[in-house]
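Asker: Below is the structure I would like to discuss, written out as structure tokens.
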Amino acid sequence: MSGRMFVLADADSFYASCERVFHPELARRPLVVLSNNDGCVVSRSREAKLLGISNGTPWFKIRGQAQHDGVIARSSNYELYASLSRRMMRLMAAALPGQEIYSIDECFLRGFQDPQRTRIVCTRMRETVLQGIGIPLTIATAPTRTLAKIVSHYIKHQGGGIGDWDLLRSQEPDVLDRIDVSEVWGVGRRLTRKLQGMSITTAGDLARADPSRIRHLFSVLLQRTVLELQGIPSIELDDFDAIDGTRKQQLMCSRMFGQPITGLPDLSAAVSTYAQQASIRLRKQGSLAGMVTVFIATSPFNQDYQSRSGSIILTDPADDPLTIARAAVGTLPRMIDPHARYVRAGVMLGALTDAASYTTFDGMDAKRDNGLGTILDQANRKFGLQSVGIGWAGMKGKGRARQETGAAWNMKRHHLSNRGTTRWDELAVAKAR
Ligand SMILES: [Mg+2]
């Protein structure tokens, strides 16, 4: 597929921008949004950035000076952000095809062959979102996702707007040499250290590296990053968690199947299983998820290769396995091609917040694990992963895929007979209604 064009749309200072939507008096004022219990700065308006306030700063440390400087602080209002995100995503999906929601304020879209046309549509889309919702976007277009990320990063520093890779490179041919390698999408801190040891310190150095050497010394995933920097599309969204395993802003569970899967019931079983596995990690790190994204893909070696993704933004962040598995399975009906043979699926939990300090704006409780998750976690620790599960995942499988997924998807009789060994299944369904 030549001439593919990726469009990355990313809201500027999303939470801070959301706060301004219903409070126009906050426009042009330095504004910060604080994490739960007003702990740390999690979003800053441009004016607050110019004052030198950085993300993650504990509020108590800067409160005095900030208030002196006229900085306004807001507690995070997750429900508001989630609902504005949904509206914003819907408007963008109507403007361009192929939307893949990447985080609460960020999505990839597919551009057109004609760059002129893409630019016109992007400009219009940006105006629609700004006027319709009040959220400013930075929009970057590039032949690969990694380059789109670089363009976005670059123009954000210049105040946002719309940018294009070819245009940027024609104006500044050495732009990659001025970007630190650690800023490249998917290059974590750990990789940066090792790359620096090889004198690869900028994005430009990495782009000039020999892809096969990088694969030998690092991984096939970093090799794909090199190819992407060279303008060759090589990364699917679901590769990302694997590249940067250190990032805990999102949790991914994604696997190849032992055997291709066709049809909704089997795919639901797989996706539900992965969702529950991801939710184990979520509870382990004490987070709540605000968004559930599901990826499904057929074999890239087939002619009719297809890769799809769908997201659901949870009105209340959750760590409860039932809520998360339901949301994940709920994305499938509108994505699935009933005849396709899927070889891979993944579940990504995003928009994570700290469970310990989370309360909703109206004082309602989050969709907290009500004990079911804890019991599942204990059972899985004791008897092995996926020995116990709820709903679609209430099965115990044998065979090739067992170690990873707990299920041999094709051995239907086997997994049916084994479902009877777990009563948690019934417990979960009864509790849900
Ligand atoms: Mg953003």
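The values are calculated or read from the model by the stated rules, or taken from the named source; none is laboratory data. This structure is a prediction, so every number in the text was calculated from the model and none was measured. Cβ sites come from the backbone with ideal geometry, for glycine too, and all protein chains shown count toward neighbours. With ligands, DNA and RNA removed, areas are computed over all heavy atoms of the protein, side chains included. Shrake-Rupley method; radii C 1.70, N 1.55, O 1.52, S 1.80 Å.
Asker: Among the residues of segment 13-43 satisfying the criterion of being in contact with a Ser or Thr (Cβ under 6 Å, 6 or more places away or on another chain), within 15 Å of the ligand (Cβ to nearest atom) and not aliphatic (A, V, I, L, M), which is least open to solvent (accessible area, probe 1.4 Å)?
Answerer: Ser43
Asker: Output the number of the condition that Asp164 fails; it satisfies all remaining conditions of (1) of a type in the set (Asp, Glu); (2) under 29 Å from Ser85 (Cβ atoms); (3) not assigned by TED's automatic domain parsing to the domain that holds Leu50.
Answerer: Result: Asp164 fails condition (3) only.
Asker: Let me ask you something else. Looking at Gly111, is it open to solvent by less than 40 Å² (accessible area, probe 1.4 Å) and either away from the ligand (no atom under 16 Å from the Cβ) or farther than 30 Å from Leu349 by Cβ (or both)?
Answerer: Yes: the conditions hold for Gly111.
Asker: How many residues are under 25 Å from the mean Cα position of the chain (by Cα) and either open to solvent by less than 60 Å² (accessible area, probe 1.4 Å) or within 16 Å of the ligand (Cβ to nearest atom) (or both) if we restrict to segment 59-85?
Answerer: Result for segment 59-85: 9.
Asker: Filter segment 50-81 down to the residues that are at pLDDT below 90 and touching a Leu at 6+ places or on another chain (Cβ under 7 Å), then identify the one that is nearest to Met291 (Cα to Cα).
Answerer: Ser76
Asker: For Val42, indicate whether it is among the aliphatic types (A, V, I, L, M) and under 20 Å from Gly159 (Cβ atoms).
Answerer: Considered against the rule, which asks whether it is among the aliphatic types (A, V, I, L, M) and under 20 Å from Gly159 (Cβ atoms), Val42 comes out as no.
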